[in-house]
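The values are calculated or read from the model by the stated rules, or taken from the named source; none is laboratory data. All of these numbers come straight from a predicted model, not from anything done at the bench. So basically every Cβ, Gly included, is an ideal-geometry build from the backbone, and we count neighbours across all protein chains shown. These accessible areas exclude ligands, DNA and RNA; they are computed on the full protein's heavy atoms, side chains included. Shrake-Rupley method; radii C 1.70, N 1.55, O 1.52, S 1.80 Å.
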Amino acid sequence: MKNLFLFIFFSVSIFFKAQQIYSLRPSEIDLPENSYQKDTNNELPYYEGTWKGIWDNKIIYVTFKKLSNKYDNNFKHYKDYLIGKFKVLDNNGSILFDNTSLTDDNAKINGVSFRKYGDKYSLIYVDPDLCNTSGGIAINFIDSSKTQLNWKLTLGSNMITTDCQYYNTTPFPQALPKEIILTKQ
């Protein structure tokens, strides 16, 4: 009888310690450890797929993919988010940048969440191949059919040191546009 009581007690305590689920649009700033920031409104699949845009005589293809229930070591919780991989071609069709063969864990564009106000989804861009160029990306749909995406990149204050292969290169290579409209392919 004592063992049965202990079993029930532990089962109930485990049940009440179940993973807490939060939206990708949370009102909380700090989520509890091991909680799950879930795409409860099923919004991320609309972004999935390949998107195309043209800027400065270049063509860019960005492919977004949703990852589900992945652990974030920095914030110590699980979350659903988008990753992005891209290919940039010049006007002759030559490849300038291509990271489409990277593994999902090494994607250079990683989603964060939806912004507290509005419908913009925030992502982080870090490019080790371009001297750790980094910045924030905000994307949002501009049409009701969700086939056009507004993209805005704000580069961080990137310090280029002498050990960078592009040190003193003018102009510095720009893999991603600062602002562009992408169309779903």
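In table form, for the structure just shown:
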{"item": "Filter result for Asp143 (of a type in the set (D, E, K, R), in a loop (DSSP other than H, G, I, E, B) and either more than 20 Å from Lys178 (Cβ to Cβ) or in contact (Cβ under 8 Å) with a residue 24 or more places away in the chain (or both))", "result": "yes"}
{"item": "Identity of the residue in region 41-57, aromatic (Phe, Trp, Tyr) and assigned to a strand (DSSP E or B), that ends up most open to solvent (accessible area, probe 1.4 Å)", "result": "Trp55"}
{"item": "Candidate set from region 44-78 (those that are modelled with pLDDT of 95 or more and of a type in the set (D, E, K, R)); member that is farthest from the chain's Cα centre (by Cα)", "result": "Lys58"}
{"item": "Hits in region 146-185 (condition: of a type in the set (Val, Ile, Thr) and open to solvent by less than 70 Å² (accessible area, probe 1.4 Å))", "result": "Thr147, Ile160, Thr161, Thr169, Ile180, Thr183"}
{"item": "Out of Asp119, Asp104, Asp143, Asp129, sole residue that is in contact with a Leu (Cβ under 7 Å, 6 or more places away or on another chain) and on the phi < 0 side of the Ramachandran plot", "result": "Asp104"}
{"item": "Enumeration of residues in region 94-109 that are of a type outside the set (A, V, I, L, M), open to solvent by less than 50 Å² (accessible area, probe 1.4 Å) and out of contact with any helix residue (DSSP H, G or I) (no Cβ under 9 Å at 6 or more places or on another chain)", "result": "Asp104"}
{"item": "Residue in region 130-160 that is modelled with the highest pLDDT, counting only those that are of a type outside the set (Gly, Ala, Ser) and closer than 23 Å to Asn73 by Cα", "result": "Ile137"}
{"item": "Residue in region 104-113 that is more than 29 Å from Tyr36 (Cα to Cα), under 19 Å from the mean Cα position of the chain (by Cα) and not small (Gly, Ala, Ser) present", "result": "no"}
{"item": "Test: Ile29 is of a type outside the set (D, E, K, R) and more than 30 Å from Asp129 (Cβ to Cβ)", "result": "yes"}
{"item": "Region 71-88 residues that are more than 10 Å from Ala107 (Cβ to Cβ) and free of Cβ contacts under 8 Å to residues at least 24 places away in the same chain, paired with ones that are assigned to a strand (DSSP E or B) and among the hydroxyl-bearing types (Ser, Thr, Tyr) (beta carbon under 8 Å, 6 or more apart)", "result": "Tyr71/Tyr78; Asp72/Tyr78"}
{"item": "Hits in region 114-125 (condition: surrounded by 19 or more Cβ atoms within 10 Å (Cβ to Cβ) and either under 19 Å from Phe141 (Cα atoms) or small (Gly, Ala, Ser) (or both))", "result": "Phe114, Tyr121, Leu123"}
{"item": "Failed condition for Asn69, given (1) out of contact with any strand residue (DSSP E or B) (no Cβ under 7 Å at 6 or more places or on another chain); (2) closer than 22 Å to Arg25 by Cβ; (3) surrounded by fewer than 14 Cβ atoms within 10 Å (Cβ to Cβ)", "result": "(1)"}
{"item": "Top-ranked residue of region 21-39 - restricted to ones that are at pLDDT 80 or above, of a type outside the set (Gly, Ala, Ser) and surrounded by 14 or more Cβ atoms within 10 Å (Cβ to Cβ), ranked as nearest to Val112 (Cα to Cα)", "result": "Leu24"}
